[in-house]
Amino acid sequence: MAAPRPPRVVPGEASESDSEPELLVETAGEAPGAGLKVPGEASETDEEEEEEQQRPKTPPVLAEEPAAVWGGGPSLLQQRLREGTGRLRGAVGSALRHSYGSAARSLGGLGGALGRAQVTAAAAAHCLRLARRDLRAVADTIDIVTACHLLPDIRGQL
């Protein structure tokens, strides 16, 4: 009969609480994975942290200097970025031209309507001046006739 094998913890994220069950997988004749490093796993000892600090740090690659890094023309990523930027600029320019053009047309239409309203208001004001002048002339004529007593006294029976 075989001796019981120790359970093996599957590499990955550790459980966040004691209530979450851990996934255990039995190894088929393998030694337990002592000293295995799982990418993304936090270091468990000071020794691991010291090893990480002793490793040479690589400088970050700057996108502004593609020729120095790749020794040639712009990378495919940079070409795509330029193309995308060009398309974005074109789309923004087109949207602005469209919105400003439609606003200009709307203002032109409003300007025409305002001009027609001003002409109509001027015509109405002229008609009112003429009617006022005619009413004043009628009022003056009535004043003259009543002042001269030319009209006979008309009295009606009520």
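Observations
- The sole residue among Thr120, Thr141 that is surrounded by 10 or more Cβ atoms within 10 Å (Cβ to Cβ) and within 58 Å of the chain's Cα centre (by Cα) is Thr120.
- Sub-7 Å Cβ pairs linking a first residue in the range 125-154 that is in a helix (DSSP H, G or I) to a second residue that is open to solvent by 90 Å² or more (accessible area, probe 1.4 Å), at least 6 apart or interchain, are Val145/Leu151, ordered by first then second residue.
The values are calculated or read from the model by the stated rules, or taken from the named source; none is laboratory data. From a predicted model like this one, the values you see are computed outputs, not experimental measurements. Cβ atoms come from the backbone with ideal geometry, glycine included; neighbour counts cover every protein chain shown. To get the accessible areas, we keep the full protein, side chains included, count just its heavy atoms, and leave off ligands, DNA and RNA. Shrake-Rupley method; radii C 1.70, N 1.55, O 1.52, S 1.80 Å.
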